[in-house]
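Single-structure report; data block below.
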Amino acid sequence: MKIAVLPGDGIGPEVTAEAVAVLEALALPGLVLGHGDVGASAWRRHGHPLPEATLALAAEADAVLFGAVGDPACDSLERHLRPEQAILGLRKHLGLFANLRPARVFAGLEALSPLRPEIAAGIDLIIVRELTGDVYFGAKGQRTTPEGAREGWDAMSYSEPEVARIAHVAFRAAAAAGRPLTSIDKANVLETSQLWREVVSRIAGEYPAVALDHMYVDNAAMQLVSHPERFGVMLTGNLFGDILSDLASAAVGSIGLLPSASLGERQTAHGTFGLYEPIHGSAPDIAGKGKANPMATILSAAMMLRHSFGLADEAARIEAAVARTLADGIRGADLGGEHGTAAIGAAVRARL
Ligand code: NAD
Ligand code: IPM
Ligand code: MN
């Protein structure tokens, strides 16, 4: 079980350390951890946010545990040197096109949500976000209009095979969970979305047991906070999925609670190669203060055990320990509590 640990920037190293400690506490036989530099810290040390050695470490591992990248001091670097290019590069180079972002309210903790508890109680969904296409990876640039004004532009596109493979992931997830599938697009305005909708509708024929509907992304954002119970699996493109998953995290209570798995097609001995990371960023406003909630990263490690190593029982143990920790009132500042990163990590380990 070779895991590449890439802590990154800001709170990345703080939350990753707690997730690694949880994995070590399970005393899994054959666990081998290798650490790599990524993001702004890699740029400072090696002149590049995704050094060759880091990419090689990730590619040779069975799974990657990723913290976060991003540093305000790097916001004016040329785009290819910015820390965020590291995570985009890893996703692209490793073929990780399927991003699973589960969001559910922990039973009994509905009051942690900014939504009314009876609404929050209905949140139990998975966002299936396409991760290697869309406007993120299209051509982009700046140019001058005929009138002499500066203009920024980014090309949005999805090919039929790109939509088809992520749609199959979402249909399988919906079928396995026995939940409805909502495909989210902006087909009333965008050609990219028109094709998306046609392809998803065609593939629906292969999954007669899954109830499919289509929804425009603006309506989906609204429904997510007013009627979250209507969603089981939400299938989206890269950009819409980015935005909707932050929204879902707030609805659950905090962005410090939402894990993710990014999967491709490569199989390992006991599962699928994947990269596991919290959905949040480097949180420069709280970095270095020991205040970050490590639960999203700890839950990402649980997803790793389930998807890459076939260790569903161990994954469930971690998830139960996190739920128990929250139920016992051990909460970070993001949830109105006073516990710091290390205390939360220790509390989860004590409950494993
Ligand atoms: P962010 O997710 O880093 O932070 C948003 C807010 O949530 C901040 O107030 C932060 O303090 C809080 N927060 C985030 N994670 C938390 C945690 N675990 N516990 C408690 N509070 C938490 O988003 P941002 O501020 O827009 O971005 C900061 C940097 O991170 C930027 O450079 C951005 O590009 C980058 N980013 C990276 C990733 C990634 O590495 N996958 C994801 C998102 C943003
Ligand atoms: C995320 C992040 C990344 C994204 C950024 C850092 C490139 O916001 O993982 O949600 O937009 O995918
Ligand atoms: Mn995001």
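The values are calculated or read from the model by the stated rules, or taken from the named source; none is laboratory data. The structure displayed is predicted, hence computed values, not measured ones. Cβ placement follows ideal geometry from the backbone for every residue including glycine, while neighbour counts extend to all protein chains displayed.
Assuming Arg179 fulfils every condition listed in (1) in contact (Cβ under 8 Å) with a residue 24 or more places away in the chain; (2) crowded, with 18+ Cβ neighbours inside 10 Å apart from one, which condition is it? So the condition that Arg179 fails would be (2).
The set of residues from segment 81-94 being within 13 Å of ligand 2 (Cβ to nearest atom) and of a type in the set (A, V, I, L, M) comprises Ala86, Ile87, Leu88, Leu90. Residue check: Ala111 meets all listed conditions (1) touching a residue at least 12 places away in the same chain (Cβ under 8 Å); (2) assigned to a helix (DSSP H, G or I) but one, namely (1).
Residue by residue, here is whether (1) crowded, with 16+ Cβ neighbours inside 10 Å; (2) β-branched (Val, Ile, Thr); (3) more than 14 Å from ligand 2 (Cβ to nearest atom) holds:
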residue	(1), (2), (3)
Leu55	yes, no, yes
Ala59	no, no, yes
Arg79	no, no, no
Leu96	yes, no, no
Asn99	yes, no, no
Val105	yes, yes, yes
Glu110	yes, no, yes
Pro114	no, no, yes
Gly133	yes, no, no
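Of everything in segment 290-323 that's part of a helix (DSSP H, G or I) and of a type in the set (D, E, K, R), which residue is farthest from ligand 3 (Cβ to nearest atom)? Here the residue is Asp313.
Restricting attention to segment 234-254, the residues that are near ligand 1 (Cβ under 8 Å from one of its atoms) and either farther than 30 Å from Ala73 by Cβ or in contact (Cβ under 8 Å) with a residue 40 or more places away in the chain (or both) add up to 1. From the list Ala287, Ala346, Ala283, the lone residue that is closer than 23 Å to Gly89 by Cα, out of contact with any Lys or Arg (no Cβ under 6 Å at 6 or more places or on another chain) and either in a loop (DSSP other than H, G, I, E, B) or not assigned by TED's automatic domain parsing to the domain that holds Pro180 (or both) is Ala283. Out of segment 30-57, which residues are among the aliphatic types (A, V, I, L, M) and within 25 Å of Leu77 (Cα to Cα)? Answer for segment 30-57, where residues must be among the aliphatic types (A, V, I, L, M) and within 25 Å of Leu77 (Cα to Cα): Val38, Ala40, Ala42, Leu50, Ala53, Leu55, Ala56. Of all residues in segment 147-175, those satisfying the criterion of being out of contact with any helix residue (DSSP H, G or I) (no Cβ under 6 Å at 6 or more places or on another chain) and either exposed (fewer than 14 other Cβ atoms within 10 Å of the Cβ) or basic (Lys, Arg) (or both) are Glu147, Gly148, Ala149, Arg150, Glu151, Gly152, Trp153, Ala155, Ser159, Pro161, Arg165, Arg172.
Does Arg116 satisfy the criteria of being touching a strand residue (DSSP E or B) at 6+ places or on another chain (Cβ under 8 Å), farther than 21 Å from Leu88 by Cα and among the charged types (D, E, K, R)? Answer is no for this residue.
For segment 224-231, the criterion of being in the same structural domain as Gly138 (by TED's automatic domain parsing), under 23 Å from Ala121 (Cα atoms) and charged (D, E, K, R) is met by at least one residue.
Which residue is nearest to ligand 1 (Cβ to nearest atom), if the candidates are limited to segment 255-288 and must be of a type in the set (Ser, Thr, Tyr) and over 14 Å from the mean Cα position of the chain (by Cα)? The residue in question is Thr272.
Residue-level analysis places Gly89 outside the set of residues that are assigned by TED's automatic domain parsing to the domain that holds Gly274, surrounded by fewer than 21 Cβ atoms within 10 Å (Cβ to Cβ) and touching an Asp or Glu at 6+ places or on another chain (Cβ under 8 Å). Residues that are in a loop (DSSP other than H, G, I, E, B), surrounded by 24 or more Cβ atoms within 10 Å (Cβ to Cβ) and within 16 Å of ligand 3 (Cβ to nearest atom) within segment 251-278 comprise just one, Leu258.
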